[in-house]
1. Among Glu51, Glu9, what is the fewest-to-most ranking by other Cβ atoms within 10 Å?
2. If you take the beta carbon distance between Lys69 and Val159 as r and set R0 to 41 Å, what does 1/(1 + (r/R0)^6) give as a FRET efficiency, to the nearest 0.05?
3. Would you list Asp95, Asp37 from fewest to most Cβ contacts within 10 Å?
4. Show the residues, 5+ positions off or on another chain, whose built amide H is closer than 5 Å to the amide H of Ile23.
5. Of Arg148, Arg161, Arg54, which has the largest mean-square fluctuation in a 10 Å C-alpha GNM of the chain?
6. Please work out the FRET efficiency for the pair Gln140 and Val93, using the Cβ-Cβ distance as r and a Förster radius of 41 Å; give the result to the nearest 0.05.
7. In straight Cα distance, which lysines are under 21 Å from Lys47, not counting same-chain residues fewer than 8 positions off?
8. Among the lysines, select those whose C-alpha is under 18 Å from the C-alpha of Lys182, and discard any that sit fewer than 8 residues away in the same chain.
Amino acid sequence: MELNTIYNENCLETMKLMNDNFIDMVITSPPYDDLRDYNGYKFPFEKIANELYRILKIGGVIIWVVGDKTENGSETLTSFKQAIYFKEIGFNVHDTMLYYKNNPMPTTGNRYHQHFEYMFVFSKNTPKTFNPITEITKYQGLANMKNRGKEGSLDYKKVERTTEKKVGNVFSYSIGGGISTKDKIAYKHPAIFPEKLVADQINTWSNKGDLIYDPFMGSGTNLFCN
Ligand SMILES: C[S@@+](CC[C@H](N)C(=O)[O-])C[C@H]1O[C@@H](n2cnc3c(N)ncnc32)[C@H](O)[C@@H]1O
């Protein structure tokens, strides 16, 4: 198969061309329930999940960005059904991260505005790469660390605090025209990733030279992130 190429076809056809243990990382967002009709594309979830397991390298990671439809007043929980299926076929559910939208589309009705989507981190065994994004700690220098002793007494110990710590597992992005992507054509797609989200996840879970695959590429935001 050709690398760095867009295969404009059903991803099951593309994955047929891949050997077992071929891909280092997958970052993708599948169709959410039947919220949108994507030109008649079918979404046989279980077949696709099985193929993803086959083509991913040991230690490889899938970032699965997904949300649920509300039907007859209830969320479908399709996201969680999918996560459970991934676990049943052998994936490790390494983390359930959130993609938090600073400025979501406002909604009416008796629910709070929908601010987030799930970003499941599925791994084939333990992730082989983790380059965490870090931030400067608020407090630095020596600090008293409290520890409960066996009898419940409080022991104090002087410790040097680090100046950097890894960030939390909720990633926040502003979205919309000119923000998610500068590409005007990509923005015509109804469900694009913010390019920064893709860059943050790729930088975290892969190294230079790794092979990354998006089976549901849509507008192709994965190609533009850097
Ligand atoms: C939620 S969107 C993903 C959008 C993408 N992350 C982006 O930034 O543009 C899902 C996409 O998967 C495509 N799709 C649905 N079923 C597919 C299939 N079986 N194989 C390949 N693509 C599929 C749809 O056409 C749609 O563009």
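Nothing in this text is a laboratory measurement; each read-out follows from the coordinates by a stated rule. Remember, it's a predicted structure, so these values are computed and weren't measured experimentally. Cβ atoms come from the backbone with ideal geometry, glycine included; neighbour counts cover every protein chain shown.
1. Glu9, Glu51
2. The value I calculate is 0.25.
3. By the 10 Å Cβ count, ascending, the order reads Asp37, Asp95.
4. Leu56, Lys57
5. With Cα springs under 10 Å in the chain, the top fluctuation among Arg148, Arg161, Arg54 is at Arg148.
6. 0.75
7. Candidates past the 8-residue exclusion: Lys16, Lys57, Lys81, Lys87, Lys124.
8. Lys101, Lys196
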